[in-house]
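Structure, as structure tokens:
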Amino acid sequence: MDVEQWTWAGQERFPGFCFTFVQDRDPATVAAALGADCLTVLTLIEAEQAHPISRPGALLRLGAYGRWVFCFEDRAPIANRAPAITRLAQGTRLVQVTKSGDGMVIVRDVVDGRNIEMFEPGGAVYVDGPLRPRVAALLPEQSRIVAALAVVGDEVGADLDRATLDGPLATALSMLNEPASR
């Protein structure tokens with residue numbers, strides 16, 4: 001497990017985001033489940049020019065790692081909303097890490113729409129499972145968000161660094177409006 005790969009996530013310039021991994025899906029299917037139907041390969045700079053932060057919507061940045069598709073959202077995330085989670089995890093597995101603007105971190109593991117694990121690293125446990133002790137083993141040497149992403153990345157076989165997220169990825173803007181969830 002490469003913890004260093006994820007240290008960018010603990011920097012102040014990344015105050016909140018949602019990182020979702022969905023097994024056995026392709027980027028277009030994940031984007032469609034999140035309300036976007038047109039993917040364009042763009043770098044982060046190109047994506048921010050095409051979809052300025054001053055406009056509403058969730059900027060979806062998607063890629064694939066083996067059997068997993070990842071979706072990274074760093075503004076107005078929607079993949080962490082209950083209806084989206086249900087759609088994304090239908091018939092498959094979803095593993096997700098959300099960091100809110102206030103620093104709260106939630107890790108969830110959902111199989112076929114059922115929460116099999118959901119917890120705050122070093123905090124509340126809503127549904128206990130095997131990822132929580134692995135994350136806890138990295139605390140307090142690592143921040144909660146870095147520990148969570150390192151373990152989830154190890155679980156899904158993804159070692160995403162900031163250069164990958166800033167580089168060319170399938171990109172879409174979703175205007176889907178769904179109720180917030182925990």
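The values are calculated or read from the model by the stated rules, or taken from the named source; none is laboratory data. The structure displayed is predicted, hence computed values, not measured ones. Positions of Cβ are backbone-derived with ideal geometry, glycine not excepted, and every protein chain shown enters the neighbour counts. Side chains are part of the model used for accessible areas, which takes the heavy atoms of the whole protein and leaves out ligands, DNA and RNA. Shrake-Rupley method; radii C 1.70, N 1.55, O 1.52, S 1.80 Å.
Table for the structure above
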item	result
Full-extension gain in nm, residue 54 to residue 2, via 0.36 nm per residue minus C-alpha separation	15.2 nm
Options 121, 146, 89, ranked by Cα towards positive dipole end of the chain, top entry (Cβ charges)	89
In nm, spacing of pseudo-spin labels at residue 13 and residue 177 (7 Å Cα→C-beta vector)	3.3 nm
Per-selection Rg to Rh, the stretch 121-182 - Cα, Kirkwood hydrodynamic radius	1.06
Under 9 Å, Cβ to Cβ, from residue 119 - net charge with Lys/Arg +1 and Asp/Glu -1	-1
Nearest-20 debye value, the stretch 104-182 charge dipole, Cβ charges on Lys, Arg, Asp, Glu	220 debye
Rounded to 10°, Cα long-axis angle of helix 144-156 versus longest principal axis of the chain	80 degrees
Whole-Hz ³J(HN,Hα) from phi, Karplus 6.51 cos²θ - 1.76 cosθ + 1.60, for the stretch 12-17, glycine and proline x	4, 6, 10, x, x, 6
Inter-site label distance for residue 141 and residue 111 at 7 Å from Cα along Cβ, in nm	3.0 nm
Cα→Cβ-extended label distance, 7 Å offset, between residue 102 and residue 29, nm	3.6 nm
Accessible carbon and sulfur surface of the chain relative to its total accessible area, %, 1.4 Å	53 percent
Lys, Arg +1 and Asp, Glu -1 on Cβ, resulting dipole of the chain about Cα centre, debye, nearest 20	460 debye
Under 5 Å, built H, 5+ apart or other chain: amide partners of residue 65	70
Residue 128 accessible area, assembled protein chains, probe 1.4 Å, Å²	90 Å²
Value of relative contact order over the chain, rounded to a whole percent, pairs C-alpha under 8 Å and six or more apart	34 percent
Rounded to whole Å, sorted largest first: equivalent-ellipsoid semi-axes of the chain, Cα gyration tensor	23, 18, 15
Accessible area (Å², per residue) of the chain, counting only protein heavy atoms and a probe of 1.4 Å	45 Å²
